[in-house]
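S.K.: Attaching a single structure in structure tokens format; questions to follow.
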Amino acid sequence: MKRLSLILLLISAVACADNKSNETLPIPKPFPEPEPVPEPAANAATVSQAEPLAEPEPNPEPAPEPEPERKPSSNDARPESHSSEHSAARTMKIQFDAPSEDYGDTVDSSKNKPDDIDNDVIQKLVESYLNPEENKPKQRVNKEVEKLINSSPFWNLNEAKAANSIKDEDMAQEWMNGYTNEAQKILYQVAVAGWNYFTNVQPNNKDALDEAEDALALFVKSSSKQAKQFDISKMNNPFLKREFEILTVDGMSALDAEKYGEFNEVNAKINRDFINTEICEFKGQNPCIIKFTDLAAILNNEKDLRKSAALWKFWRETIGPKLSSQYEKLMKLTNEAAQLNGFGNGRDMWLSPFELSSRSSPPKVNIMKSAEKIYEQILPFYQQIHAYMRRQLTAVFKDKSALSKDGAIPAHMLKSVSADNWSGLYQETKPFEENEGHAEEILGSFHRLNYTSKTMFIQAYRYFKYLGFGKLPTSFWKNSVFTRSWSKDMLCNPPAAYDMRDGNDFRVKACSQLGETDFKLAHKLMAQVFYQYQYKKQPLPFRESANPSVQTAIANAFGILSTNYDYLKSADLLADDTVKGEAVRINNLYREALIDFVKLPFDVVADKWRFEVFEGKINSSNWNSEWWKLKTQYQGVKAPFARKNDDFDPIASSAIAQSHSPALRHVVSYVMQFQILKALCGNSHSLDLGCIPDKEVIANVKRVMMQGASINWLEALEQITGDKELDAKPMLDYYAPLISWLSNTNEHDEMYLGWDGPETSFSENDVPAQRTSDEGTEHFIVPSEDQVAYPGGDCSKGQECLLDSTCNGKTCECNPGLFTFKVASSVNCLPGDPGMFGFEHGGSGLSIGLVPNENVSTSAPPAEEHPKAQQNHSKHMHHAKSAPSSTIAALLLPVLAVGFFH
């Protein structure tokens, strides 16, 4: 009991100390623009078709009153299309509301009190240390989920009658009402468990999430089987029919339990092997230490073409044979699941959300035909950037013999593993040497206006309110995470908007930092939040976007709008006389094209190849030759070495190995975002500059958001843009300044467009001058946090184990020869025996070392990084650890030790 009293005392002291540093965010200075005179909001636009009635929400919180919408004045008339450079005289100012809303920063006096101490948890920690029990059966940690399992007939697989046996529509509606009530319960628990884990990575939270997801899979399987007992063809209500169509698609869970488990294990093994496979940098190296997460950074910085070629070859020769049979099994199981869902093969199941097909209705759209049309539209632009890059590479690697003036580019020269991202070549090939824009000026304005990471989201919110979106509940500001919490581990990637599935709670999670990049991110995430908030009154099956690609496209369109200089000047982030010159515009477009645009042909290749596998047109005997045939045809990229049929190069790409889903999603969302942007900006001839959007089109966007998944993606596209199909023309309009510059440059340099020529050699006069501005600079690519794990952490999905640990298939365990030291939920690998410092195995011998105050760091890590760190923000570093908040924390660390083993 003395130990327990001591522990209680110390934890209480830490809680007090931590609360002192847990102060609220600084309140930003008021924005300089005057407050508009509010007027009652205009009535919502009439929806052209009937919408499903909203179901009653369980215990809803009082909804905030709709925000009055300012009546447009004559000064708000949209300007003519902007010229390539803004001037102060032509700036269109936005009138924002005053920042007087409650953003959750009100000081709560209760936060100054010590946190409640969970004596039961502490007692369990002490008991586990004093009485260690090995091989103890694992207990469920998610008690709320455990209560839900089998709590109603909707969990019972045996409740369903024969498929299509029930013709009564009233019975179908009654079943759907009951399903909605039960589904919302488990979805809420999954959302809570997911949020807890992603914002506080620790084993217990991971276990809780796994249990919630397993329970959801069970519920989906049973409820989907029950939904199939109703005959959809006899339903007259189109919305009820669509709800059942959504519910009757099982996906991979249609497999029986044994095969579903096999699918998950095969998929996990491919991911693990892909991440953990090590290759050598040169023959004879021992040990081989380069993994996939290292390869991208090495290729990005490598200037020796022979080394790049060797790494390219070693990676494929190592990973291909290891995963060939596993991938064949994965594709076979996917085909089996597709047939159980009523589709011919995996291709048809993957494309069903885009082709608007189901087990009861044939495809309404030929999406691959649309993708081919898009490719034909973008091909002239792709040929221009391909020809320009081909010539530049002769200077980058100082070797013109590896290239021809009219042929395909060897894949290893593009500084990426799969030749689907050329951004590693930006600095050495960018059109102009001028600076990249006004990021420093914007960052300086953030500091001048007392911005925090959260303030960027507040400004984005005020922008959306100006456009006619209503208020969000205060809970959004109190529950969201806008920047990394240094007191616990977080999964920063990907940043996301969260619908907590209770109809009232909406959040964002982002590890944002002050800078232009995350200011744009804030607008993207707020667009997603408002999408979720708008459809919250839809029936549960419709509380989704019309298609994930639609939500991504809308968010990205608003991201572009956030870079508009009129908007930035209105927010006092740029001076009125700031202009965006042609050189900056072209450089910015070129950088974006190397990241996103050049990926489009690769996406087409990835899907066409997989679809041929699904359809049985190719097999393992000719997989590789077909892969390179498609890459050369669509990408203008070739293998640097002769490849054999029994090689398996497709699996060397993360898009194949780690993403078992259609790459077409990126094609659809990327093309669609420019169609939406074009609609928002009207007749502007400078789409890359953004605009102050047309509020009538904004009303169309809101209407699409409110309808959720009750409409399909083509209906959403038509309601916003008037277009009934995908069209790349707005995207080409967006890139017009770059296309014009590339065309003129290639014509001047007499470059061949395409890669079907007779392999003409470059002459000495063809080689451009060597760049010097970036000499000696390295551009590191840091693995995202979902690709790495730490000692004791989960590595079952292929994460790379760090800090002297290795994956045993499930968790990261310390390497041989090291001691595993557990401290609460943290695991550390130590080179020395902790027993030498007062710790002993199991029951007794705890020592508490008193550390002098001057030797303990009490400062928290800086809230914001150096401005230049923003460039690589999306590639987050490893989980950061919190610095101790007081010397008491240093004392507490050994007290909570629950044992170690060799």
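The values are calculated or read from the model by the stated rules, or taken from the named source; none is laboratory data. Everything quoted here is computed from the prediction, not taken from an experiment. Cβ sites come from the backbone with ideal geometry, for glycine too, and all protein chains shown count toward neighbours. Ligands, DNA and RNA are stripped out before the accessible areas are found, and what is left, the full protein with its side chains, is counted by its heavy atoms. Shrake-Rupley method; radii C 1.70, N 1.55, O 1.52, S 1.80 Å.
S.K.: If amide H atoms are built 1.01 Å from N in the plane of the peptide, which residues on other chains or at least 5 residues away come under 5 Å of the amide H of GLY636?
M.R.: Counting only residues 5 or more places away or on other chains, the set is empty.
S.K.: Just the accessible area for THR578, please: 1.4 Å probe, Å², rounded to the nearest 10?
M.R.: 10 Å²
S.K.: For LYS225, list the lysines whose Cα falls under 21 Å from its own Cα; do not include residues on the same chain fewer than 8 positions away.
M.R.: Reachable lysines: LYS161, LYS167, LYS185, LYS234, LYS241, LYS259.
S.K.: Follow-up question, since we're still on this one. Which percent of Cα-Cα pairs in region 483-529 sits in each 10 Å bin, short to long?
M.R.: 25, 50, 24, 1
S.K.: Collect residues whose amide H, placed 1.01 Å from N in the peptide plane, falls under 5 Å from the amide H of ALA789; neighbours closer than 5 in sequence don't count.
M.R.: Correct list: GLU800, CYS801, LEU802.
S.K.: Moving on. With the cut-off at 18 Å, tell me which of the pairs LYS291/LYS398; LYS524/LYS599; LYS93/LYS465; LYS228/LYS329 have Cα atoms farther apart than that.
M.R.: Among LYS291/LYS398; LYS524/LYS599; LYS93/LYS465; LYS228/LYS329, the Cα-Cα distance tops 18 Å for LYS291/LYS398; LYS524/LYS599; LYS228/LYS329.
S.K.: On a C-alpha basis, how far is the centre of region 481-500 from the centre of region 139-214 in Å? Whole number, if you could?
M.R.: Value for the Cα centre distance between the two parts: 25 Å.
S.K.: In square angstrom, rounded to the nearest 10, how much accessible surface does PHE239 have for a 1.4 Å probe?
M.R.: Solvent-accessible area, nearest 10 Å²: 30 Å².
S.K.: Roughly how many Å² is the accessible area per residue of region 453-513, as a whole number, for a 1.4 Å probe?
M.R.: 24 Å²
S.K.: Okay, moving on. Across 10 Å bins from the origin, how do the percents of Cα pairs in region 385-466 run, short distances first?
M.R.: Taking all Cα pairs of region 385-466, the binned fractions are 14, 31, 16, 20, 15, 4 percent.
S.K.: Find how many whole Å separate the alpha carbon centroid of region 699-767 from the alpha carbon centroid of region 306-377.
M.R.: So the two Cα centres are separated by 24 Å.
S.K.: Please give the peptides 275-287, 665-677 ranked by average Cβ packing (other Cβ atoms within 10 Å per residue), highest first, as a rough proxy for protection.
M.R.: Descending packing order for the listed peptides: 665-677, 275-287.
S.K.: Once you sort the root eigenvalues of the Cα gyration tensor of region 548-588 as a ≥ b ≥ c, which label holds: rounded (a/c under 1.5), prolate (a/b larger than b/c) or oblate (the other case)?
M.R.: Oblate is the answer for region 548-588, as a/c is 1.5 or above yet b/c matches or exceeds a/b.
S.K.: If you project the alpha carbons of region 513-568 onto their three principal axes, what span does each projection cover, largest first, in Å?
M.R.: 39, 18, 18
S.K.: At a 10 angstrom cut-off on C-beta neighbours, averaged per residue, how do the peptides 183-196, 363-376, 600-613 rank from highest to lowest?
M.R.: Ranking, from highest mean packing down: 600-613, 183-196, 363-376.
S.K.: Report the net charge of residues surrounding ARG306, where surrounding means a beta-carbon distance below 13 angstrom and charges are Lys +1, Arg +1, Asp -1, Glu -1.
M.R.: +1
S.K.: Once the convex hull of the alpha carbons of region 186-301 is built, what does its volume come to per residue, in cubic angstrom?
M.R.: Considering the Cα atoms of region 186-301, their hull volume per residue is 204 Å³.
S.K.: Which whole-Hz couplings ³J(HN,Hα) result when phi for each residue of region 501-514 is put into the Karplus expression 6.51 cos²θ - 1.76 cosθ + 1.60, θ = phi - 60°, listed in order with x for Gly and Pro?
M.R.: Once rounded to whole Hz, the list reads 6, 10, x, 9, 9, 10, 8, 10, 10, 8, 9, 6, 10, 4.
S.K.: Ok, one more. Please get the size of the charge dipole for region 490-548, origin at its Cα centre, with Cβ charges of +1 on Lys and Arg and -1 on Asp and Glu, quoted in debye to the nearest 20.
M.R.: Its charge dipole is roughly 120 debye.
S.K.: Between the alpha-carbon centers of region 610-653 and region 413-478, tell me the distance in whole angstrom.
M.R.: Their Cα centres are 37 Å away from one another.
S.K.: Enumerate the residues in region 199-234 having an amide nitrogen under 16 Å from the point lying 7 Å beyond the Cα of ALA163 toward its Cβ.
M.R.: 221-234
S.K.: Just reorder LYS471, LYS234 by solvent-accessible area, largest first, 1.4 Å probe, all chains present.
M.R.: Solvent-accessible surface, decreasing: LYS234, LYS471.
S.K.: With the cut-off at 28 Å, tell me which of the pairs LYS269/LYS536; LYS322/LYS631; LYS322/LYS629; LYS373/LYS537; LYS536/LYS580 have Cα atoms farther apart than that.
M.R.: LYS269/LYS536; LYS373/LYS537; LYS536/LYS580
S.K.: So, one more: Ordered by packing density, taken as the mean number of other Cβ atoms within 10 Å over each peptide's residues, highest first, how do 732-741, 539-548 rank?
M.R.: For the peptides 732-741, 539-548, the packing ranking is 539-548, 732-741.
S.K.: Which lysines, if any, have their Cα less than 18 Å from the Cα of LYS405, not counting same-chain residues under 8 positions apart?
M.R.: LYS638
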